[in-house]
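Heads up: the structure comes next, in C-alpha cells.
The values are calculated or read from the model by the stated rules, or taken from the named source; none is laboratory data. Remember, it's a predicted structure, so these values are computed and weren't measured experimentally. Every residue, glycine as well, gets a Cβ built from its backbone with ideal geometry; the counts of neighbours run over all protein chains shown. Heads up: the accessible areas ignore ligands, DNA and RNA and are worked out on the full protein's heavy atoms, side chains in. Shrake-Rupley method; radii C 1.70, N 1.55, O 1.52, S 1.80 Å.
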There are 4 protein chains.
Amino acid sequence: ISDMAFGIRELAKKLAQIRIRLNVHNVFILAKAHDETLISHTRETTEWLLTKNSNYRVYVESTLENNKIFNAEGLLTMNPSFRGRLKFWTNKLCAEKPQTFDIVLALGGDGTVLYASWLFQRVVPPVLAFSLGSLGFLTKFDYDLYPTTLSRAFDEGITVSLRLRFEATIMRSQNNRNTTLDLVEELIGEESEDNHTHKPEGTHNILNEVVVDRGPNPTMSSIELFGDDEHFTTVQADGICVSTPTGSTAYNLAAGGALCHPDNPVILVTAICAHTLSFRPIILPDTIVLRAGVPYDARTSSWASFDGRERVELRPGDYVTISASRFPFPSVLPLDRRSKDWIDSISRTLQWNSRQRQKSFKEWS
Amino acid sequence: ISDMAFGIRELAKKLAQIRIRLNVHNVFILAKAHDETLISHTRETTEWLLTKNSNYRVYVESTLENNKIFNAEGLLTMNPSFRGRLKFWTNKLCAEKPQTFDIVLALGGDGTVLYASWLFQRVVPPVLAFSLGSLGFLTKFDYDLYPTTLSRAFDEGITVSLRLRFEATIMRSQNNRNTTLDLVEELIGEESEDNHTHKPEGTHNILNEVVVDRGPNPTMSSIELFGDDEHFTTVQADGICVSTPTGSTAYNLAAGGALCHPDNPVILVTAICAHTLSFRPIILPDTIVLRAGVPYDARTSSWASFDGRERVELRPGDYVTISASRFPFPSVLPLDRRSKDWIDSISRTLQWNSRQRQKSFKEWS
Amino acid sequence: ISDMAFGIRELAKKLAQIRIRLNVHNVFILAKAHDETLISHTRETTEWLLTKNSNYRVYVESTLENNKIFNAEGLLTMNPSFRGRLKFWTNKLCAEKPQTFDIVLALGGDGTVLYASWLFQRVVPPVLAFSLGSLGFLTKFDYDLYPTTLSRAFDEGITVSLRLRFEATIMRSQNNRNTTLDLVEELIGEESEDNHTHKPEGTHNILNEVVVDRGPNPTMSSIELFGDDEHFTTVQADGICVSTPTGSTAYNLAAGGALCHPDNPVILVTAICAHTLSFRPIILPDTIVLRAGVPYDARTSSWASFDGRERVELRPGDYVTISASRFPFPSVLPLDRRSKDWIDSISRTLQWNSRQRQKSFKEWS
Amino acid sequence: ISDMAFGIRELAKKLAQIRIRLNVHNVFILAKAHDETLISHTRETTEWLLTKNSNYRVYVESTLENNKIFNAEGLLTMNPSFRGRLKFWTNKLCAEKPQTFDIVLALGGDGTVLYASWLFQRVVPPVLAFSLGSLGFLTKFDYDLYPTTLSRAFDEGITVSLRLRFEATIMRSQNNRNTTLDLVEELIGEESEDNHTHKPEGTHNILNEVVVDRGPNPTMSSIELFGDDEHFTTVQADGICVSTPTGSTAYNLAAGGALCHPDNPVILVTAICAHTLSFRPIILPDTIVLRAGVPYDARTSSWASFDGRERVELRPGDYVTISASRFPFPSVLPLDRRSKDWIDSISRTLQWNSRQRQKSFKEWS
C-alpha cells in the first residue's frame, strides 16, 4: 500500500500542472469596462486576434458594443472578415453556455481573475491572466508581451493549474428562529436525519474565501463550526475565514493564517480576532464538508460573504456549508513555470521574510 | 479534467484510511524498558497473546530476556506451548527484517510511537498504540481495553492511516569550508550539475520534524532554504522547523505554525524566532524537495535534529535534504474513527480554542 | 539624575496604589436595572446601608423609583429614618455633580464597571465593584461578602488604583470632503498652524479602548496614524485598536496585542487584521497625543467606537484624537492586594499559559 | 489625587529627555579594536578632539597604545601639547572610576553601544553613539557629521534619555540539588524568610534582555516565574525573554513580543517557543522584582544570558533575579529629536508595517 500511496502522490503531482493543447475558436476577453486604459487594451487585443486567424471569434463584454473608445463599428469596418467574428458576452451567456469559450483572457489585476471566477459559477474555461502592472498571485503574464504569449499558447498548448474552489451554500432555518432550539442538536443530533429543518438558498463557487463575520454588528459573533457530521468547536470571534490555498494570501493572511501553496488540497480555517488566547489556525483536508452557523440563541445575526462580495445575513439558526467544488478554476501557467514561482509571489508582493540586512549586531561577543 | 481531479481526490480520501485484514503470526511489542509499570503491562499482554492463539509469536525487547519483572523464564514454564513462541527483538532485527512483524503494539505515550518510527527506518508494520494515560495524538487506544481491542483487530481487520514521513539526508560539503564559495551558486547555479560538491552522510526517516537551529550557539543562524532547484529564501532566525502534518502539534506549534490535519499531503515550514517581522509560516506540497543549508561564510555551525534526536552539526557548506519518504508510517485507527477525532485531540490535549465562558461583557450596550 | 529618576519611579509606584480614608455620606449604587436578580441585590444592599448608619444617603437609579421588585415605598415604610436618605440618581446628576458621591458600588460584571466609566465622564468617585459570578478584571470583590467588605472599607479606608482613561475627541473636517486634499499635509504640514480645517464634535473618556474600523463596510480601511506632530504610518487593515492597559485584556487581546498590567502608563496600538505581514503591536508612552484619521481620498468612511459603544462615522478627512485623560478611573482594590492579582486574573479568566500537563514527550531520547 | 497623578506624568515626561550642559574634560572613545576602519576613525576623532581644545583629554582603548594603524607615537609627535592628554583606558578603569569620563563617544553599530553598557556596570557617562552605516536604534548620529555634532554638543549641551537597565543576579541554590525540594515553596512559602537557601553569584546590569533558555539542551525548559513574592506561572518553552523597552526590538521581537517605546517604564516578558497555545507576551511595571528559576526536579539545567553574552548555567534550584537597575543608561539624543524618531527606527530598520502598495484588489465589487 505504500507504493500505491506513492503512485497517487505522483498522479496528484502531475494533475497539479496539466498540459493542454488548445483548439481555439472562441476567445473570451475580460476587462474592467469602466477603465479607459483597459478598454483600449481590449480593443487592441481584439483586433490582434481577429487579424491573426480568421477562425477566431472574439467575445467582449456587451457594454462595449456601443462604447466610443472600443468603437466596435470602426473595428468591423477595418476588415469585412471581422463581421460575425466579433461577439458580445453577457453574464447570462457565461452562466448558461460556459463551454462556448475555449479560453478566457483576463486583463487587469487579481481582482479581474476573481471576477472571472464569479462569472463562471460552474465550468470555467482556462483563464490566462495578463497583468497591467506588476505580476500578482493570479496574473502571471505581462500584458506587454501578449502577442508572443498568445501565439505560443495557441500553437504549443498551455499548462493549466486546477485551483481548488469551494462550493458554498446558504442554508435557511425553517424553524422561525425559535431560540430554544439547538443548532448542534439539529445538525448532528439523533434527529438530524430529517432534513426539513433547513432549506438551501443560493450556492456560490468561490476562489478565495468564505467569511462569516459580525458584519455591521458592534459585538463579536458566536459561530458553531461543524466538519462532516461532527461539531468541531464554537468560535467566539469577530468572525471566521475559511480559505482556499489561493485565498491564503488574501484575507486569510490578515486574519493571521499561514501562507499556503495553491497546489495543496486543503482548507484553511482561521478565526478573525478570536476572543481567546488559544485559537490557532487549522489546516483541514479538502475532502471534509464544513458547516458554519449561527446558534439559535445568538442575540444578533452574522454575515456571510463570498470572495469579498455578496454579503448575506445569516439569522440565528441559519448556516453555510462549504466543500470542495466539482468545478475547479483552471489557471494558465507560464510554460517555464518553476517551483519558486509562488515563493517569488509572496516575497515580491507581500515582502515575505524581508529585512534590511544589518551588520551583525553581536559584533562584540 | 475536472472530473479526473475529482476522481483523484476520492482516491486520496480512501487512501487516507485503508482497511486491512490481518493474518497475524508475529506480534511486536514496544514499551519503554526502564519503566516498571510498562514492563508489567508488557508481560501481561505477552501472556494474553501467547495464550489466546497458539499460532502467535510474540517479540519483546531483548533487554527483557533477563529482566526480573518480566520474568521470561516464569512465563515459559506456565505453558509448554509458549516455548519457541516468545521471541526477543533487537534494533538490528527491526532494521534488517521489518517484514517479519505483522503488527506492532506500542505501549506508552506519543514518545513511544516516535520511537517505533525511529526503529523502523524503512518499511514500518502497522502500529497500534495503546495509551497508559490520557489518549494522545498517536496513542488512540485505551490500554485498559486491550483484550477487546486486539480481539476485534485480529478478527475483523484494522483501519490504517498512512502518515507522511520525511526522508532527510545530511549532505557534507567536500570543499573544505572555503568561505569564498557560495552555497546558492553550488546548489542551483549553472555549475550545479556537477554533484561532486557534496556527499551524503546518513539518512533518517522521521515522523514529526526536522529542525535546523543554532544549537548551543548563542547567536542566531543564517539558513539558506531551497525548494526543488530554486533558492527560496535566507532565514535569519534561531532556526527552522520543517514539519510533517503529524508533527504540526509538536515543535511546529511552539514555533508558531498552524495545526494541520495528519491526512494532508503537505510540508510545514516555520521559522523559529525569526529576526524579522515578515516571516509567516508556509505550507508546501509534499512533492517538493527541500534543502536547508549553512552558507559558506557563516561564522558558526548550525545543528540538525530529527524527531528531536540525533543532533548533528552542520558546518558551513553542509546542508540537509528533506522530501516525502517512500516509507510512510501506518498508524492503526479506531474502527469507529470519525472526522472529529483530530479536532478532539487538539481540543483535549492542547486546549485549542478553549475559554472560560463568560457572561457577555457588553451587557450595557 | 539617576537618583531623581529612581525617586520618580518610587513616587509612581506609590501612586499606583493610594490609600484613602473615606468620610462616607453619599453612596451611589450601580446595577443593571433590567435584571431581576440585580434589582434584589440592590434592594438588599440599600437596606443594609440605610440601616447601618443614619448618616448614609443611598442613591439608586431613578428607574427603580417605581420598580415593583425594588419596592421603594416598602423600604421607606420599614423605618421612618430612611425617608430623605433614599435618593434616585439620573445620568444628568452624574454628569453635573459627580462630586456628590463619596463612593460608587457597582454590582454585576466588568460591563457594569465600564458603564460607570461611561456615566462619569469627568471626575469619577472611587468605584468598588462586586462580582455576582466569578471575579473579573475590574470586579474584585465577592458580592456574598459585601457586609464585611463595606464595613472594613468605610471604617479602615480603601486602596485605590488610578486607572488610565483616554480622552478621545472626534474632529470633523470643514473641507467638504475635497478629495484632492491631503490629511497628512493638513495635520502636520507647514500650513497646519491654521486650525480652521477641523472642528471638535464630542469628547469621550474611555476606560478600555478606542477602535477605528471599517464598520459595516466590506473592504478594509486605510487609516492615517499620527503621534504628537508627526505622521507615524498608514495602516491598511480592518481597523486599529488603541487600548489602555485596562483594555489590554478586551478587544486588544482579540486583535493580537500583548497583555499589559493596568499600572503601566502606556498606550497600546494594535492593528485589526493588518493586510501586511510586518505590522507588530506597539507600546507608546501615555504622554503622546495620537490622532487616527481617514484620508481624503478614501473611498469609504471608517467608524470610531468608544469602549465598544457609541459607534460614530468618520468620513474622509475626519479624525479622532486620543490622549491620556485628566480624569483617571479610581478602582478600589482589595486591602490585601498583591502583585499576583493581575496574573491571577489573566490565568483564571483567559487561561493564560495553561496546558494540560503531559508526561514528558521526549521519553525516549 | 488625579491632579497629583497628572503632575507625576508631566515629571516623568520631562525626565524622559533631560537637557544637560557638559563641562568636558575627559572624553572616552569606544570602537571595535579589531576593525581597521574603526581604528582609523578613532585616530581621526582623537586628533580632532586633541586639536580642538587643549583642555580635553582623550581616552582610547589600551590595545591601541601599540597599534600601527592608530599610531599613538605619530599622534603625539604632531603636537607637543597632545602629550599627557592622550590616555588609554582599560576595563578595570571603567569598572572602578566611571566618573572620570564626561562623555563616551561610541563608534560603530548598536553592538558597540551594548558593549558600552557592559563596560560600565554601575554609573554610565552619557553615551553619544555614531553610526558608521545606517542609523540604528541606539546609534543616532551620522559619523560623517561628527565635527558639527561634537561642537554643538560641547557648546550647547546635550539631551539625554535615561534608558532603563535591569540588574540581574544569579542566585545559587545551597541545597545540593535535592530533587525533593520545591523551588516555589523555598522562594515564597512560609519558610521563605530564611535566606540561607540561595547565595548570589554575580550581578549584571543589562540594557537589552535577560534570556533563560535550554541552551545546548535538546529538550524544552521548565522555568518557574515569580513576581515580587508571588509565583506567577510555570513556563514550558524553549526559554523566556525578559526585555527592557530598549531590547524590545532585539531578541524580544524574534520571540514575538510587542515593540515598545524606550521611554516606557516597563518590563516585557515573552516566552520563547512556548509549548502551549495560550501564552501571550505580558507587560509588567518596572517596579516589580522578577525571579526566574529552574525547578529542583528539572531533568536538565537551563542557561541564563545577559545582553546575549555571558551565558551561565542554571542548575536545578538556581534562579536569576531581575529588577530595574539604579544605574540607567544615558543615551544622548539628537537636539531636534522628535516623537517620530522611534517610529522611524522601527520602520526603517525593521520595515515595520511596510507593504508594496497595490492597486485595490476589490476593484470589481
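Could you quickly flag the chain C residue whose beta carbon comes closest to the rotation axis taking C to D, and that distance in whole angstrom?
C:ALA258, 2
Would you please give the residues with an amide H less than 5 Å from that of A:PHE279, counting only those at least 5 places away or on a separate chain, with H modeled from the backbone geometry?
Amide H to amide H, under 5 Å and 5 or more residues apart or across chains, A:PHE279 pairs with B:ASN353.
For every helix of n ≥ 4 consecutive DSSP H residues, a contribution of -39,500 (n - 2.57) applies; sum these over the protein assembly as shown, divide by its total residues, and give [θ] at 222 nm rounded to the nearest 500 deg cm²/dmol. Could you put the intermediate results ahead of the total?
On the way: 36 runs with 348 residues, N = 1460.
Roughly -7000 deg cm²/dmol at 222 nm, from the helical runs in the protein assembly as shown.
What does the accessible area of A:VAL124 come to, in Å² to the nearest 10, when a probe of 1.4 Å is used?
So the heavy atoms of A:VAL124 present about 10 Å² to solvent.
Report the antiparallel proportion of the DSSP beta bridges in chain D as a percent, rounded to a multiple of 5.
75 percent
Using r as the Cβ-Cβ distance of D:THR148 and C:THR300, and R0 as 56 Å, what FRET efficiency do you calculate, to the nearest 0.05?
The value I calculate is 0.70.
When we measure straight from the Cα of D:LYS68, which aspartates and glutamates land under 20 angstrom away, once same-chain ones fewer than 8 places off are left out?
Counting by Cα, and skipping residues close in sequence, D:LYS68 has these aspartates and glutamates nearby: D:ASP35, D:GLU36, D:GLU44, D:GLU47.
With +1 on each Lys and Arg Cβ and -1 on each Asp and Glu Cβ, how big is the dipole of chain A about its Cα centre, in debye rounded to the nearest 20?
1500 debye
When you look at the Cβ of every residue in C:259-272, what mean number of other chain Cβ atoms sits within 10 Å?
5
From the Cα gyration tensor of the protein assembly as shown, with a ≥ b ≥ c the square roots of its eigenvalues, which class applies: rounded if a/c is under 1.5, or else prolate if a/b is larger than b/c, or else oblate?
In terms of gyration-tensor shape, rounded.
Other chains' Cβ within 10 Å of A:344-352 residues: what's the mean?
Working: counts 2, 0, 6, 3, 1, 3, 9, 10, 9.
If you average over the peptide's residues, the count of other-chain Cβ atoms is 5.
Roll a 1.4 Å probe over the protein chains and send me the accessible area per residue for region D:166-324 in Å².
The answer is 30 Å² per residue.
Within a 10 angstrom radius of each residue's Cβ in C:233-246, how many Cβ atoms of other chains show up on average? Whole number is fine. Spell out each step's value before the answer.
Numbers: counts 7, 3, 1, 5, 2, 8, 2, 0, 1, 0, 0, 0, 3, 0.
Across the residues of C:233-246, the mean count of other-chain Cβ atoms within 10 Å is 2.
Please compute the modelled spin-label separation between B:THR234 and B:ARG21, points set 7 Å along Cα→Cβ, answer in nm with one decimal.
The modelled label-to-label distance comes out at 6.0 nm.
Among the DSSP beta bridges whose two residues both lie in region A:11-163, what percent are antiparallel, rounded to the nearest 5?
Here the share of antiparallel DSSP bridges comes out near 15 percent.
Take every DSSP beta bridge whose two residues both sit in the protein assembly as shown, then give the antiparallel share in percent to the nearest 5.
So the antiparallel bridges amount to about 75 percent of the total.
Of the peptides B:328-336, D:196-204, how do they stack up when ordered by the mean number of other Cβ atoms within 10 Å, highest first?
B:328-336, D:196-204
Please compute, for the alpha-carbon atoms of chain D, the extent along each of the three principal axes and give them in descending order in Å.
71, 69, 50
Mind giving me the FRET efficiency for C:GLU201 and C:HIS34? R0 is 35 Å, r the Cβ-Cβ distance, nearest 0.05 is fine. All intermediate terms of the calculation are to be shown ahead of the outcome.
Numbers: r = 31 Å, r/R0 = 0.88.
It comes to 0.70.
Compute the distance in nm between two label points, each set 7 Å from the Cα along the Cα-to-Cβ direction, one at C:GLU310 and one at B:THR90.
Computed distance between label sites C:GLU310 and B:THR90 equals 8.1 nm.
Which FRET efficiency value, to the nearest 0.05, is calculated for D:ARG172 and C:SER347 with the Förster distance at 25 angstrom and r the Cβ-Cβ distance?
0.25
Determine, for each peptide in C:143-149, A:299-305, the mean count of other beta carbons within 10 angstrom over its residues, then list the peptides with the highest first.
A:299-305, C:143-149
Could you tell me how far the Cα centroid of region A:271-340 sits from the Cα centroid of region D:74-93, in Å?
Taking the Cα centre of region A:271-340 as reference, the centre of region D:74-93 is 72 Å away.
Within the set B:LYS32/B:LYS140; C:LYS340/D:LYS140; B:LYS14/B:LYS199; C:LYS32/C:LYS92, which residue pairs have Cα atoms separated by over 28 Å?
Where the Cα-Cα span goes over 28 Å, the pairs concerned are C:LYS340/D:LYS140; B:LYS14/B:LYS199.
About the Cα centre, and with charges only on the beta carbon of Lys, Arg (+1) and Asp, Glu (-1), how big is the dipole of the protein assembly as shown? Nearest 20 debye, please.
0 debye
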